[in-house]
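Presented below is the structure to which this report refers.
The values are calculated or read from the model by the stated rules, or taken from the named source; none is laboratory data. None of these values were measured; they are calculated from a predicted model. Positions of Cβ are generated from backbone atoms using ideal geometry, with glycine treated the same way; all protein chains shown enter the neighbour counts. Ligands, DNA and RNA are excluded from the accessible area calculation, which covers all protein heavy atoms including side chains. Shrake-Rupley method; radii C 1.70, N 1.55, O 1.52, S 1.80 Å.
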Amino acid sequence: MSKTNPLFVDSTKMRGDRIGTQVEVQNIILHDGEKLFITVLGQQGQPMNTELEPMDETSYGGRVLLKHLEGISYQFVIEAGEARLFHSTIKQARAEHALVDKWEPVMEEVVSLMDLKREEIAASPAASAPSSDRKWISDAARTGQSLLEKWDL
Amino acid sequence: MSIVSVINQKGGVAKTTTALNVASSWAKQGKRVLLIDLDPQSSATKAVFGDQDFECTIYDVMMNQKQVEEVIVSSDRFGFDMIPAEILLSGIDIQLAAYFGREGILRRKLEPINRSYDCIIIDCSPSLGLMTVNALIASKDIIIPICPEYFSMKGIDLILSTLQSIRTGLGHKVGVRGVVITRYRDRKIAKEVIRQVREQYGLRVFDNYIPDNIAVEEAHHMHFPVYIHAPTSPAASAYMELAKEML
């Protein structure tokens, strides 16, 4: 999750308003019988699984309802029947009007977002605080430490 | 009717020159054209009207003090209508920072006059601010003028990143109509840059390059479109053909 430039924040939406986020996955080709899904987990509630439809030869898209600017975790999954064939890593983002990503499958065993609870995602290294937040926290910690040293506390 | 923005966050790439000469070429070809100057430096306004002062500008429209019809002026020389700019635009980001729907003001303001024109062309400021965001939200697509040099590639990166942010954050998809090569000289580096723009970014590069030609600058100085000031110059014919290619 990156810093948010206020120039690109929709001023007509309050944080937490429901918005229809257009999801787009690029550089992906499915074979017969395969389906592509996005699994999204918001701050609260159950993971949502939404099937994505072909947009052109190499991209798929769909729409998911999310809360504006809420932190989400998401994962793309290719399934055939009941079998899970491929999946991407679990990524974090803020819910905005569009979520555009490239298909990057991982071959290692990665836990499914559908099977995780919110607390487990929060505890996993991949789902740690956004880099801007981490920097702020580490800066604050350094400042606190330097004050303690300065005042000999 | 289509609204197109001429944009490049890199300065000195002939944005205003391209906007003016394409707009006047479209007008000569019989199109009803409106040019909107969104740059606080007012280069397009000054190129068309010299040092003439305007009581009402795009600033008044954005600040909801005037209706858009009230600020349109016509240029017989250039053959198009125009909405002038003024330096007050430079502070508008602060004035509108807390305004509800600040990013879509221009689009809403243009709605009443959309059908009066075949083409609306917006000359953007090189800085990325609220006015540029408004231009992009109002536009169906953009034209990117570049001088074919190394830094122009960085400029394209910036623009494409801005378009992505507009789509993600504000939900508006803006297309790239094409890249205009300006100040072209037949050099190896120019050809290499053009090749990279086509192959690396997959963008359309218009076939009519605008040559590096003194007639363009002279035309600005005389407040004429280049096709009137120097009708036989290579730049005049290049802009005329480019305008056809862009439609």
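A few notes on this one:
- Selected residue (only one of A:THR50, A:THR39, A:THR89, A:THR58 is of a type in the set (S, T, N, Q) and within 13 Å of chain B (Cβ to nearest Cβ)): A:THR58
- Conditions (1) out of contact with any Asp or Glu (no Cβ under 9 Å at 6 or more places or on another chain); (2) within 13 Å of chain B (Cβ to nearest Cβ); (3) in contact (Cβ under 8 Å) with a residue 12 or more places away in the chain; (4) of a type in the set (S, T, N, Q); number of the one not met by A:GLN75: (2)
- Taking the criterion of being closer than 16 Å to B:ALA23 by Cβ, open to solvent by 10 Å² or more (accessible area, probe 1.4 Å) and either in contact with a Phe, Trp or Tyr (Cβ under 6 Å, 6 or more places away or on another chain) or not polar (S, T, N, Q) (or both), the residues of segment B:114-137 that qualify are B:TYR117, B:ASP118.
- Meets criteria (under 23 Å from B:SER2 (Cα atoms), in contact with a strand residue (DSSP E or B) (Cβ under 8 Å, 6 or more places away or on another chain) and at pLDDT 90 or above) for B:VAL197: no
- Restricting segment A:1-60 to residues that are within 22 Å of A:ASP115 (Cβ to Cβ) and of a type in the set (Ser, Thr, Tyr), the residue that is nearest to the chain's Cα centre (by Cα): A:THR39
- Hey, B:ILE189 more than 26 Å from A:ASN5 (Cβ to Cβ) and buried (at least 18 other Cβ atoms within 10 Å of the Cβ) or not: no
- Entirely in segment B:130-209, the helices (runs of 4 or more DSSP H) that have 1 or more residues that are within 14 Å of chain A (Cβ to nearest Cβ): B:130-138, B:150-170
- In segment A:99-115, the condition of being among the aliphatic types (A, V, I, L, M) and at pLDDT below 70 is met by at least one residue.
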